[in-house]
Amino acid sequence: MVKTSEIPSVKDLFKAGAHYGHRKDKCDARAKDYIYMFKDKIAVINLAMTQRSLQEALDYLSCRAKEGASFMLVGTKTQAKEKIRKVASELKQFHVTDRWPGGLLTNFAEVKKSIKKIDRFKEMLESEKGSYLTKKEKLKMQKELDKMMRTFGGLIGLDGNPDVIIIVDPDTEKIALKEAMSADIPVVALTDVNFNPQKISYPVVANDDSVATVEMFLDLIKNAIARNLRPKKIEEDGAKPESPKKTNKEKDE
């Protein structure tokens, strides 16, 4: 479990701009419990609730890491993508930061063909076979490889659905969230008050447009997973470490 002292203080969250929400007319009614007040028609997020939801999310991720779970980090907005690549790389986990490949979680067999195509192209360009290609053919193949790497590069090595999805801004990543829900994969997400938090297994409600807040969220996640991550193994007695109870099971559209 994550120590309470490791959760950012209300003051630190405030400094990161985590309290800034959306205009009142853009707020989702189901996020009302996370709103402290409105100031000049702008929602002020209840940072005490943010602390509480962070604790629950980090405890869950810590427990899943101990079980040897696999994680996929998702975030295509400018404020998140570079940090997600860095965190995923350090954790040796999967990520999507360019665009969500439709069917990734619901039709993986098709997506896997594209991932395998990357290996074929790399082998072709780096082996003797590439010497038989014309300069024009090499440039065309390299251009296609670069395009595939932007979309599928963070998925190389993926053999099936990850155990947990971590999303920055589910309002932007609606397709990823919908597929995760369809595949019954738990989701931890940094979400603002313009989105229904009840769709998310472990919502952390805060300003998901603030670079400082996004980086704080991802650093906390990285630390919680990194110090607990264990390779998957089959217990002899079939028992698994007990996970914290999943919250917010409601997944109404």
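General remarks:
- The average projected area of the chain, computed from the convex hull of its Cα atoms over all directions, is 16.2 nm².
- Table column - 3J(HN,Hα) (Hz), segment 174-186, Karplus curve with 6.51, -1.76, 1.60, x for Gly and Pro: 4, 5, 4, 5, 4, 5, 4, 5, 5, 8, 6, 9, x
- Ranking of T106, T191, T4, T76 by count of other Cβ atoms within 10 Å, fewest first: T4, T106, T76, T191
- Dipole magnitude (debye, nearest 20) for the chain, charges at Cβ of Lys, Arg, Asp, Glu: 680
- Computed helical MRE - 222 nm, the chain, DSSP H runs ≥ 4 contributing -39500 (n - 2.57), nearest 500: -13000 deg cm²/dmol
- Dipole of segment 108-155 computed with +1 at Lys/Arg Cβ and -1 at Asp/Glu Cβ about the Cα centre; of I118, L139, F108, farthest Cα towards the positive end is L139.
- Within the chain, percent of DSSP bridges classed antiparallel, to nearest 5: 30
- Per residue, the average separation of C-alpha pairs within less than 8 Å and at least 6 apart gives the chain a relative contact order of 30 percent.
- Charge dipole magnitude, Cβ of K and R +1, D and E -1 - segment 108-155, Cα centre, debye nearest 20: 180
- Computed from phi, the 3J(HN,Hα) profile of segment 102-110 under the Karplus parametrisation 6.51, -1.76, 1.60 (θ = phi - 60°) reads x, x, 3, 9, 10, 8, 4, 4, 6 Hz, with x in place of Gly and Pro.
- Crossing angle, helix 47-66 versus the chain [Cα axis fit, 0-90 degrees, rounded to tens]: 40
- Cut-off of 10 Å, at most 13 other beta carbons, DSSP loop: longest stretch of the chain lacking such trypsin sites (Lys or Arg not before Pro): 100-226
- Interchain or long-range residues, amide H under 5 Å from I35's placed H: N46
- Cα long-axis angle, helix 211-226 against the chain (0 to 90 degrees, to the nearest 10): 70
- Segment 108-155: Cα Rg divided by the 2.2 N^0.38 Å rule of thumb: 1.18
All of the numbers you see were taken from the coordinates with simple rules; none came from a lab. Predicted model only: the values in this text are computed from it and were never measured. Note that each Cβ is placed from the backbone with ideal geometry, even for glycine, and that neighbours are counted across all protein chains shown.
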